[in-house]
Amino acid sequence: MAEAGASGGGSGKKGGKTNKDREEEKLAISKRVINNELKFKDVTPNKRSGCWKKFQLVVTNDAEEKDTGFVHCRDCGVYSRNSGTSGLNRHECALVPSESNSTEGVVLVKVKAHPTAKNAVLDATAEFCASDLRALSIVEGDGFRALAQTLILVGERFGKVDVQDLLSSPKTIKRRIHELAETERADLYPRVQAAAEAGELACTLDMWLEDGKKISIMTCNVCFPQLNVETNEWEAKTYVFFTEPFPKDQAKSAENLRAFIIKMFAERGIPENNLGKVCFVTDGEAALKNALSDWWREYCSAHAYNIVYTHTMTVAPRDFQSLPPRAEAIAKQVEEVVADLRKLRTGKLGKAAISQVKLVFPKSFARSNCVSFVSDNILKIREALTKAKATNSLLILNDLHLGNLVSLKTYMKDLEEAVGRIGHTSGSALPAVLNLTKLRDSDTDFMREIRLHLSANENILVLRVLHLRDSCNSLVSYMKATGQMEDLTTSLKPYMEVRWNSFHRMLESIQKVYTELLAFFERKNQGLNEKDRITKLEAIDKDLLDDLICLLTPMKVESELLQAKYSVTASLPLVSYHKLRAAYSPQESDTSVVRVMRARLFRELEQVVKVTMTHKLATFLEPSFRSFRNLLTEEEKTKVHDVARELIAELGPADPSPDDPATAEEEALPPPTKRQKSDPYAAFRDEIVPVGPIGDEVKAYLDEPLGEHDLQNPKPLAWWSRRAEKFPRLARLARRYLVVPATSAESERTFSDAGWTLNKRRKNLEMGVLDDLLFLHCNFKEKIRTKLQRLR
């Protein structure tokens, strides 16, 4: 990094050292701060210059506190040599107007841009985007605006300056990015280490495959309680911890993943013995799950809901193998005959027939092959069984109704062909299956039974939903391919299997512009004959589309609430689960398709979603949910209370607290405010309760009165920070459990950012630079916004 106030480019020497030498010095200082060898110290009062309000001295972390000759900027975190006030005044943050006494009486006036100046900047911006092929939205970023504002201030202070002297080379910027990242890490790592030691750290872990170099990359986001110095209240803060490539020469086994995780955390100051105190939130990937098997791990609730949806929308060929009683009896008899044939010696049957017998069972639709084989080779089979004296199989064969056997063979082959499309374009299987349910005049009673049995199969109704999904996706593709999307007021969203709630978004986007689509296709089809008509919209059942949107909306809403970025979500999985159970309970007004889909959603919800004791404790520790209203039985509540008592007993004795520590704080609570939005969990939150007798902390907490403000604006960590003296051990427990995120969405967001960063044009970006960029992008946003406000 260049000296404060230097141009930042080139490799010129000053005092016998190159810029690179000075940057390496600062990097070494940064690493020593991370390793707790150095610390920051506020400057002494005799430092009269206003610039010292922005800097701290970097000293040794011991009793002597020796000065290293470096200073640390409070605003941007940059390390600079202590070159005196004149040098420090040239630092970029010193360009910002300060609140020192020397400016007392000076009024800073925001100057409105002159139209001529604004047009000049507009022209330059348009030329910049066109010349360098940059996105038009680049000017909306806080980082770009902070850069532009800095350039304005530099020009105001130093006059007309050649931009070549100001802007640095890519290599210099790369080094500065690394230094900034190291500075931020020096600030973040000690806090993460302390949280891990205290058992108040939660992490989301996930892996993704980079398409260009086919490198597996692991990202880790950390969440822990942090005191807001302005409000003096705890908040759950989330940061990107690392984004590192997994070794290409290693298999992604549980053992290797575990060793990699231990190494990554150890390099950042968290030893293996502290990882058992950390809560890891991941998806259900088997190797990662096994790697964390003996640590504290929770399953991502959003992934669980996605699996519920996937299982609900999945049908397989085997789901259509059910037969009515008479046909089932024939199929079982045929299977017995084939089983006996497999036991015969090769010489007892012709070679061609024996080869067919050997091929029967390995096939996926084995029963169909059995029926076809016996129907086509009945004379040879009877001869073979007679020679082998297989009396039982001969009796079965002689009792078979040959006409019914042939009919069953034809039906099963047709069904096999129809359902063979499932798994590719599942919806296209619907017309062929529905054709098999149609009664024919030539049908015997036996065939009528089979067709009626098939028509009652609920999986056909699921195929109707899949047919709608394929038809909607086809419509979206058509509108995009023909360039007609721009004519719609809202663009259509395609279905993407890997995206959560993608099906709902696609249906909703079509519903919003359905009237426009009708008018569009009416214009398109004018003058066309029946053969050439475009039928993309006609293939969509509008009533079913509306019904499915209503059916899937509760799950979409819940999964999005669980992924909230700036609020505590640890207490929501239990509440969300019960809301969805209620939403997917049977309703009399349901159509046949919705009734089946609602039942499948309910069944999968109970089988897939597992509410753990972690979720229950977090719900208990959110004051507005503490009584588990409409959530748990009395026996289940007692179990949670007992576990809470066991956990706080393990924490040891509480620190002494004053007799009545909460009175003054509660008097200072802000008055109840009108809710801006309806509370989706109002039915589960507590009602205001009177004060009861104080016993142990759990009982005292249950009896603690809740005001209207606590219920309407639930901020559980803030609530606990105001009552930490009254409930010291429960407050520590709250800091441990309420920081656990309900989902691993933070890691998914990091993947999304990485996808924009490491694209086809930047596939040669070094992994270390990617880690630095993502670390700063996700963790530095608040500082950039604050800096921009100061610059303005």
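For the reader, a short list of remarks on this structure follows.
- The simple Förster model, with R0 at 60 Å and r as the Cβ-Cβ distance, assigns Arg523 and Lys248 a FRET efficiency of 0.65.
- Relative contact order of region 463-604: 20 percent, from C-alpha pairs under 8 Å at least 6 residues apart in sequence.
- The modelled label-to-label distance for the pair Glu635/Ala649, using points 7 Å beyond Cα in the direction of Cβ, is 2.2 nm.
- 3J(HN,Hα) along region 64-74: 6, 6, 5, 6, 8, x, 10, 10, 10, 6, 5 Hz, from the Karplus curve 6.51 cos²θ - 1.76 cosθ + 1.60 with θ = phi - 60°, whole Hz, x for Gly and Pro.
- Cβ-Cβ FRET estimate between Glu538 and Tyr566, R0 fixed at 41 Å, reported to 0.05: 0.35
- Cα-Cα over 30 Å, subset of Lys438/Lys536; Lys41/Lys112; Lys53/Lys715; Lys277/Lys565; Lys480/Lys783; Lys248/Lys610: Lys41/Lys112; Lys53/Lys715; Lys480/Lys783; Lys248/Lys610
- Cut-off under 5 Å, modelled amide H: who pairs with Ala570 long-range: Ala742
- Extension gain, Lys531 to Thr116: 0.36 nm times the residue separation minus the Cα-Cα distance gives 143.3 nm.
- Counting 0.36 nm for each residue step from Lys263 to Glu37 and taking away their Cα separation leaves a gain of 79.2 nm.
- For the peptides 319-330, 219-230, 580-591, 565-576, the ranking by mean Cβ contacts within 10 Å, running from highest to lowest, is 565-576, 219-230, 319-330, 580-591.
- Amide H contacts under 5 Å for Ile215, placed H, 5+ residues apart: Glu210
- Whole-Hz Karplus values for region 724-735 come out as 5, 6, 6, 10, x, 7, 5, 5, 5, 5, 5, 5 Hz, taken residue by residue from phi with 6.51 cos²θ - 1.76 cosθ + 1.60 and θ = phi - 60°; glycine and proline positions read x.
- Amide proton proximity set for Asn228, modelled H, under 5 Å, gap of 5+: Glu233, Trp234, Glu235
- Low-density loop cleavage sites - trypsin sites (Lys or Arg not before Pro) in region 430-503, where at most 10 other Cβ are within 10 Å (DSSP): Lys438, Arg440
- Average Cα contact separation per residue, region 261-314, under 8 Å, 6 or more apart, as relative contact order %: 28
- Packing-based order for 508-521, 135-148, using average beta carbon neighbours within 10 Å, highest first: 508-521, 135-148
- Checking every one of the trypsin sites (Lys or Arg not before Pro) in region 209-246 against DSSP loop status and a limit of 15 other Cβ atoms within 10 Å picks out Lys213, Lys214.
- Couplings 3J(HN,Hα) for region 319-329, derived from phi with the Karplus relation 6.51 cos²θ - 1.76 cosθ + 1.60 (θ = phi - 60°), are 5, 10, 7, 4, 10, x, x, 5, 5, 5, 5 Hz, where x marks Gly and Pro.
- Estimated inter-spin distance, Cys550 and Asp132, nm [label 7 Å along Cα→Cβ]: 5.3
- Contour minus Cα-Cα distance for Glu233 and Met613 (0.36 nm per residue): 134.2 nm
- Label-point gap, in nm, between Leu151 and Asn256 - each point 7 angstrom along Cα→Cβ: 4.7
- Region 393-458 versus region 129-165: alpha-carbon centroid distance in Å: 71
- Relative protection proxy for 731-743, 57-69, 284-296, from highest mean packing down: 731-743, 284-296, 57-69 (other beta-carbon atoms within 10 angstrom).
Taken together, the values in this text are just the output of simple stated rules run on the coordinates, not laboratory data. What you see is a predicted model; the values in this text were computed from it and never measured. Counting neighbours? That spans all protein chains shown, and the Cβs are built from the backbone with ideal geometry, glycine included.
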